[in-house]
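Read the figures in this text as sums done on the coordinates, not as results from a lab. Worth saying up front: this structure is predicted, and the values here are computed from it rather than measured. No Cβ is skipped: glycine too gets one built from the backbone with ideal geometry, and neighbour counts run over all protein chains shown.
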Amino acid sequence: MNTITKLVMVSFLFLSLSHADSFKTMKGNLEITPINHASTSLSWNKLNILLDPVGSINRYKNAKSIDLILLTDIHGDHLSPKTINSLVSSKTKIIAPQAVIDKLPKNLQKITTRLDNGKSINSIMGLKVEAIAMYNLPESEHAKHTKGRGNGYVLTFADKRVYFSGDTADVPEMRALKNIDIAFIAMNLPYTMSIYDAANGVNAFKPNIVYPYHYRGKKDGKKVFSDIKEFKNILNKMDKNIQVELRDWYK
């Protein structure tokens, strides 16, 4: 098999999108629910958190009680001011890099905290939030994702550390991560990285559990899906102790 990701049009038979995976922490259970592509719901300690909410408000179970929204990038599969406006309430806070803030309307900018690559917020609603660089390789000013523009995130829920890669390649900042319990890794060409690069990157920082997400790409103008089953096979040949969880993010 060559070094280019095998992209295939498939019908996945994995767990339903409505399913929330539950993880024990020292301060209650953390529930994580795939929504679509990059959009993800997290509930913990009476907090409702969304990552990159886009699309219909009907996708979001706790639409009227969102405490925190995390935004990674300016592209439309990560950023929808219309969706965000339909989700925010008087208590909602947003975290985003400056390039994303610049794309938000004024009312949303007022409730947004800027967080740059390499920076962290040690306590927001009981969470620690770290911004991790996400970008394409090789670096270029013409890349789809340039360094410094977008954020991946590490969220600390008591004793559990959860990483969302955002639109990144197998970059040194990802490889340098430590003590990650759960990782969500993007793998779609030509926007992020191949399943082979993703497996190598994950094997470098060795999370306990990894979820492929954001695995819809494009080839010859058509939507295609990275072979996440093969990603699992490749990674587990490197390290059988890393638990790979497959979910259908596109049902």
ask   = How big is region 138-251 by Rg and Dmax over its Cα atoms, in Å?
value = 13.8, 45
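Could you list HIS142, HIS37, HIS19, HIS214 in order of exposure, starting from the residue whose Cβ has the fewest other Cβ atoms within 10 Å? Don't jump to the answer; show the numbers that get you there.
Values: HIS142 6, HIS37 19, HIS19 14, HIS214 27.
If I rank by nearby Cβ atoms, fewest first, I get HIS142, HIS19, HIS37, HIS214.
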inquiry  = Given N residues in the chain, what is its alpha carbon radius of gyration divided by 2.2 N^0.38 Å?
reply    = 0.94
ask   = For the residues ILE182, ILE195, what sequence is obtained by ranking on other C-beta atoms within 10 Å, fewest first?
value = ILE182, ILE195
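Which whole number of Å³ per residue matches the convex hull of the alpha-carbon atoms in region 11-128?
Details: hull volume 14.4 nm³, N = 118.
It is 122 Å³ per residue.
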request  = Could you work out how far helix 195-205 tilts from the main Cα principal axis of the chain, as a 0 to 90 degree angle to the nearest 10?
outcome  = 70
request  = Specify the angular offset, from 0 to 90 degrees and rounded to the nearest 10, of the alpha carbon long axis of helix 228-238 from the longest principal axis of the alpha carbons in the chain.
outcome  = 70
ask   = Charges only on Cβ, +1 for Lys and Arg, -1 for Asp and Glu: so what's the dipole of the chain about the Cα centre, in debye to the nearest 20?
value = 580
query = So what's Rg/Rh here for region 95-169, counting alpha carbon atoms and using the Kirkwood radius for Rh?
reply = 1.01
Residues ASP197, ASP167, ASP102, sorted so that the one with the fewest Cβ neighbours within 10 Å comes first = ASP102, ASP197, ASP167
ask   = Which peptide among 70-79, 26-35, 220-229 comes first, and what is the full order, when sorted by highest mean count of other Cβ atoms within 10 Å?
value = 70-79, 26-35, 220-229
note = Net charge (Lys, Arg +1; Asp, Glu -1) of residues whose beta-carbon lies under 13 Å from that of LEU70, LEU70 excluded, is -1
